[in-house]
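The values are calculated or read from the model by the stated rules, or taken from the named source; none is laboratory data. Computed from a prediction, not measured in an experiment: that's the story for all the values here. Cβ: placed from backbone, ideal geometry, glycine included. Neighbour counts: every protein chain shown.
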Amino acid sequence: MRISHIILVCCTVMTGPGVLLGSGPQSAPATSDWPAGWLAAWSDPPAELRPLQIVHSLPPAQAIVEALREFKDLGAGGIVCNVSFKDYLTSEPNWQTLVQVVESCRQMGLLVWIYDEEGYPSGAAGGLVLKDNPRFEAIVLAYDPSQADPFILRPAYEYTHASNNFHAARRYPNLLDEGAVGAFIEKTHEAYWRRLQQHFGSTIRATFTDEPSLMALDTGQLSEEVRKRVPVKDPLDPTVRPLPCVPWVEDLPQQYQARYGQDLMAVRKSLFTGQSEADRQVRRRYWALIADLVADRYFGRLEKWCEAHGVASSGHSLWEERPLHHVPLEGNALQCLRRMHIPGLDMLSSTPDAVFHGGWLAAALPASAALIEGRRQVMTEVSDFSEQMASKGPASLSQMQATAAWQAALGVTEFTLYYNRRQRPAADTRAYMEFVGRLNALLRDARPDPDVLLYYPIYDLWAEYVPMARPLTLESQSALARQLIDSFMRLGRHLATAQVPFMLADHETLAGAEVREGRLWVGRQSFTALVLPDGVELPDAAARIVEQFRSAGGHVLRDDMKAACRMGEEASRRTAAGRLHPAFDQVVLGRFKREGREILLLVNVGKQDYKGELAVAVPGRWTLADPADSGIREITVGPTSSGGGRIALSLAAGRTLLLVGPASR
């Protein structure tokens, strides 16, 4: 038996019969004791609660109020936009068009986020950063053991995401270089500020950075069919051979020496090979430094600029769903996301069960980053790109709503859309916008309330990661790396399928946590259980906190047989609010607190209907609300002999239900 089968709630899989959404025979007339503000937002969600449509390069004819009324009529809260990609950042007429767009949005009551790049990945200013200063290009230290001197410093372009993306093959700046990042901000953010500063903090709410990375990874070649459609801004050098590489910047040896008292140049071979403890220590030190530098010099620099100019920094990183790739792409994904005011993810699929295939991690990373920092807003760039590429799109309204709901259950609040509004009926688009607005009417000002911490083992992966001269695969790594990632991904998936709200924490988060009254506190959030993937090795500072938590009666669980059995005995003695009876592994549950009330969000991401009961912690008057049709019903939940109560639950495939508990006294 595995820990994932019984952790905190009973998770034995059993499929319930299909029925229509409803609340059972106890339903009362449509009424609610919600606060007036909740009801008003539910009935007519304001712009702040609605999705933003991503639109690039609006022409002058669409910059006027009459043209932008389309977005208002479709139910959007605003747009994510930028100055035209044509003559990017250099055409004054294009700037004037954007000024008119933003002014028209102000008049229409539409909000604006500024997209910070000509396509993606962000950081290049459409190529202008390197045009003015080629020495700012991203570089890597490559390793070729066939040479007498195996170490080569070279540009990070061929084989990387810079030359293998769907927008353009274009050389890329070094995010570890303070000069390069400063040039990007000057050419991009400062240019927007000079022309639109009167709108910053009012109509303009945030900036959006898209998939920046360190480019120290072979991301694999795009298909020939795709490559024919992608413009090549910078020719590729066919003489450049694929080699293992790691990111580099000029002052890296000095930074390493100052931090660790060790000469990096003397031990750099350990970055590429060797499994001794000395080799692993060098790798762990190196990647810890890289993570700090990119978090400070890129994400932190954007954070500080945005804060000084009255807007939020937002965006998302690359390949969030692959923890091994986090090492070469940004060192520590959780750490970088913590430096965003509104951390985000990229959800390319609108097949709802994508949540169980890496989607949970993509959403849990920014949601956890926000919670650690005491922030609430979390962004998603969501689309049906995967379905379109597979000729299975466009996504249906039901798929879009379920995809929004499971992300909201994991903490997402801000929805930025790449859905093509021309591919679906306007009524479906409006229904989707209203659906998201109603979710946020209850949840955006609520606090996520996970009870479990799942350890994000980036500290261990730093020591294990060995770069490859080919696209990175888990099979290319050590047995321990495979063990760590297999355990971590399996645990996260099973927590999600078991309706157990959870948060991710890395070693630094644990080291900064406190133990009070038998609970583990991270900021304002407390936890009763910590789950450690199999094979993790905690650093001393984190290990001390974990031992204090264990000694105080907290549950510290490793992914092994003995821990699973102990937790199974504990689970049988608890009411386990949030447990489904019978169990069903296709429902995602989010738990929130707001003004003394518990709010539960359930979404059926499977293809079978569910009928059963949901255990809740507090009996009394509960409200069941359907964000798809705005329906509200009240029911009275009686106490059970074991404490708490149970609600009769029928949830059709693809449907979502919000449950609001009684106000605490």
Boolean, Ser313 is buried (at least 24 other Cβ atoms within 10 Å of the Cβ), in contact (Cβ under 8 Å) with a residue 24 or more places away in the chain, over 24 Å from Ala479 (Cβ atoms) and in contact with a His (Cβ under 6 Å, 6 or more places away or on another chain) = yes
By residue number, the members of the stretch 484-520 that are part of a helix (DSSP H, G or I) and of a type in the set (Val, Ile, Thr) are Ile485, Thr497, Thr509
Is the stretch 226-247 home to any residue that is in contact with a Gly (Cβ under 6 Å, 6 or more places away or on another chain), surrounded by 21 or more Cβ atoms within 10 Å (Cβ to Cβ) and outside any helix (DSSP H, G or I)?
-> no
For Val129, are the conditions met, namely being over 19 Å from Cys81 (Cβ atoms), assigned to a strand (DSSP E or B), touching a strand residue (DSSP E or B) at 6+ places or on another chain (Cβ under 7 Å) and in contact (Cβ under 8 Å) with a residue 12 or more places away in the chain?
-> no
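Could you identify the single residue in Ala370, Ala427, Ala408 that is more than 23 Å from Ala628 (Cβ to Cβ) and not in a loop (DSSP other than H, G, I, E, B)? Full working, then the answer.
Numbers: Ala427 fails: more than 23 Å from Ala628 (Cβ to Cβ); Ala408 fails: more than 23 Å from Ala628 (Cβ to Cβ).
When all the criteria are applied, what remains is Ala370.
Residues in the stretch 622-665 that are part of a strand (DSSP E or B) and surrounded by 16 or more Cβ atoms within 10 Å (Cβ to Cβ): how many?
Count: 21.
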Within the stretch 266-296, residues within 14 Å of Asn332 (Cα to Cα), of a type in the set (D, E, K, R) and more than 21 Å from the chain's Cα centre (by Cα) come out as Arg283, Arg284, Arg285
The residue from Thr528, Thr473, Thr509, Thr497 that alone is among the β-branched types (Val, Ile, Thr) and within 20 Å of Trp319 (Cβ to Cβ) is Thr473
Inside the stretch 603-621, can you point out the residues that are part of a loop (DSSP other than H, G, I, E, B) and acidic (Asp, Glu)?
-> Asp609
Of the residues that sit in the stretch 461-484 and are in contact with a Lys or Arg (Cβ under 9 Å, 6 or more places away or on another chain) and of a type in the set (A, V, I, L, M, F, W, C), which one is surrounded by the fewest Cβ atoms within 10 Å (Cβ to Cβ)?
-> Leu474
Please give the number of the condition Lys607 fails out of (1) crowded, with 20+ Cβ neighbours inside 10 Å; (2) under 22 Å from Ala405 (Cα atoms).
-> (1)
Among the residues of the stretch 160-183, the number that are in a helix (DSSP H, G or I) and either more than 24 Å from the chain's Cα centre (by Cα) or surrounded by fewer than 20 Cβ atoms within 10 Å (Cβ to Cβ) (or both) is 5
Can you give me the number of residues within the stretch 431-475 that are touching a residue at least 24 places away in the same chain (Cβ under 8 Å), out of contact with any strand residue (DSSP E or B) (no Cβ under 8 Å at 6 or more places or on another chain) and not in a helix (DSSP H, G or I)?
-> 9
Mind checking which residues of the stretch 623-636 are touching a residue at least 24 places away in the same chain (Cβ under 8 Å) and either charged (D, E, K, R) or farther than 18 Å from Arg655 by Cβ (or both)?
-> Asp626, Arg633, Glu634, Thr636
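Out of the residues in the stretch 521-539 that are of a type in the set (A, V, I, L, M, F, W, C) and not in a strand (DSSP E or B), which is surrounded by the fewest Cβ atoms within 10 Å (Cβ to Cβ)?
Selected residue: Leu538.
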Could you say whether any residue in the stretch 318-337 is on the phi > 0 side of the Ramachandran plot and surrounded by 24 or more Cβ atoms within 10 Å (Cβ to Cβ)?
-> yes
Of all residues in the stretch 397-443 being among the polar types (S, T, N, Q) and more than 23 Å from the chain's Cα centre (by Cα), the one that is farthest from Ile114 (Cα to Cα) | Gln423
Collect the residues in the stretch 136-159 that are assigned to a loop (DSSP other than H, G, I, E, B) and under 17 Å from Val267 (Cβ atoms), keeping them in residue-number order.
-> Pro145, Asp149, Pro150
Restricting attention to the stretch 203-212, does a residue exist that is touching a His at 6+ places or on another chain (Cβ under 8 Å), at positive phi and outside any helix (DSSP H, G or I)?
-> yes
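Do the conditions hold for Pro366, that is, is it crowded, with 24+ Cβ neighbours inside 10 Å, closer than 23 Å to Thr403 by Cα, in contact with a Lys or Arg (Cβ under 9 Å, 6 or more places away or on another chain) and at pLDDT 95 or above?
no
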Scope the stretch 214-247; condition more than 27 Å from Gln388 (Cα to Cα) and polar (S, T, N, Q); matching residues = Thr239
